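First the structure, in the form of structure tokens, and then the observations on it.
Here, each number is a calculation from the coordinates, and none is a lab measurement. As the structure is a computational prediction, the values presented were derived from the model and not from experiment. Note: ideal-geometry Cβ built from the backbone for every residue, glycine included; neighbour counts use all protein chains shown.
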Amino acid sequence: MPFPDRAEIQVAESVQSVRDAVSRAKWSGHRVGFVPTMGALHVGHVSLIERARRECGYVAVSIFVNPTQFGPNEDFNRYPRPRDADLAMCRDAGADLVFYPTVETMYPVGHRTFVEVAGLSEILEGAIRPGHFRGVTTVVTKLFNIVQADRAYFGQKDYQQQSVIRVMARELDMPTDVVTCETIRDPDGLALSSRNAYLSESERKSGLALSRALRLAERLAGEGELDIPTLESAMRNELENTPGVTLEYAVIVNHESMRELTAAEPRMVALVAARVGSTRLIDNMILRLPSGTIT
Ligand code: PAF
């Protein structure tokens, strides 16, 4: 019989049952892939699970709405939790195991240990959402320790998150490789996000300003525009001139350090964040300059 039986998906609620299942997979010689999520799964998550499936013999997904990464006035309570639909999507995408812990399993009363990547966690998203990345790096550390995967898959959509996790994994010598996968978009350009479910039809239309702003910067840079303030103000204008959109930031940063740039570099990322109604949206695009423009 092939290992494991693909018609089955194991739902594990305890740390020990995840450890047992992963140990069996490793004993059978499988590479273990891991996709951490907060559920409310969409095609973007499915693409991560499918990539893990292609690259690994055993695929684990976690579904946990992590309270420590939400601020006091954020959407922790209303974050969607469609358990049955999520489990069906994991199964259909080819996952072998879903870790579905309770808050008490992840944070027993008295929990007091946190992981933080200094500096990188305090800029951009971290400046607007204080403590957010501390919650992310703490829960991802715990999940990495529980699953002990060979590879973990994250979306480029949360660019700063994957940067923070990549630095954490490197500096703490974690044995799990961090793999970043391209952003999946609706045909009109909106980057997929579980929070898109909060948008009304007209807010969704306004939200398209984020990808329009990024595409504009991408096109200008591709045509050889190297002046960073010009690129940033083109993005800002696009967002500020769209009714219903409140701009938070539109910046161009170094692809690794996420330091805001004043002069063009070969590898840059444009990042935007805005509020549409009561929903925060973020998006980003890697900017490619015409070859030979700068070295
Ligand atoms: O990107 C997410 O869904 C979450 O931030 C993560 C990485 C699962 C940690 O809770």
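List of remarks:
- Subset of the range 17-35 that is outside any loop (DSSP other than H, G, I, E, B) and among the small types (Gly, Ala, Ser) - its residue that is farthest from VAL59 (Cα to Cα): SER17
- Number of positions in the range 97-136 that are aliphatic (A, V, I, L, M), more than 11 Å from the ligand (Cβ to nearest atom) and either out of contact with any Asp or Glu (no Cβ under 9 Å at 6 or more places or on another chain) or not in a loop (DSSP other than H, G, I, E, B) (or both): 9
- Exactly one residue among GLY224, GLY244 is more than 16 Å from the ligand (Cβ to nearest atom), small (Gly, Ala, Ser) and farther than 30 Å from SER291 by Cα, and that residue is GLY244.
- Considering only residues in the range 181-204 that are among the polar types (S, T, N, Q) and over 12 Å from the mean Cα position of the chain (by Cα), the one that is nearest to LEU48 (Cα to Cα) turns out to be ASN196.
- Within the range 27-50, the set of residues being over 21 Å from GLN161 (Cβ atoms) and either within 16 Å of the ligand (Cβ to nearest atom) or touching a residue at least 12 places away in the same chain (Cβ under 8 Å) (or both) comprises SER28, GLY29, HIS30, ARG31, VAL32.
- Some residue of the range 127-149 being under 21 Å from GLU218 (Cβ atoms) and buried (at least 19 other Cβ atoms within 10 Å of the Cβ): no
- Members of the range 51-69 found to be away from the ligand (no atom under 15 Å from the Cβ) and touching a residue at least 12 places away in the same chain (Cβ under 8 Å), listed by number: ARG51, ARG53, GLU55, CYS56, GLY57, TYR58, VAL59
- Considering the range 137-152, and only residues there that are in contact with an Asp or Glu (Cβ under 9 Å, 6 or more places away or on another chain) and within 10 Å of the ligand (Cβ to nearest atom), the residue that is nearest to ILE49 (Cα to Cα) turns out to be ALA152.
- Checking GLU260, GLU240, GLU248, GLU256 one by one, the residue that is surrounded by fewer than 21 Cβ atoms within 10 Å (Cβ to Cβ) and farther than 19 Å from GLN161 by Cα is GLU240 and no other.
Table: residues versus (1) in a strand (DSSP E or B); (2) touching a residue at least 60 places away in the same chain (Cβ under 8 Å); (3) out of contact with any His (no Cβ under 6 Å at 6 or more places or on another chain); (4) surrounded by fewer than 19 Cβ atoms within 10 Å (Cβ to Cβ).
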| position | (1), (2), (3), (4) |
| --- | --- |
| ILE252 | yes, no, yes, no |
| ALA264 | no, no, yes, yes |
| LEU281 | yes, yes, yes, no |
| ASN284 | yes, yes, yes, no |
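- Flag for PRO82 being under 22 Å from SER257 (Cβ atoms) and more than 14 Å from the ligand (Cβ to nearest atom): no
- Scoring GLN161 on the criteria (1) within 23 Å of SER194 (Cα to Cα); (2) more than 14 Å from the ligand (Cβ to nearest atom) leaves a single failure, condition (2).
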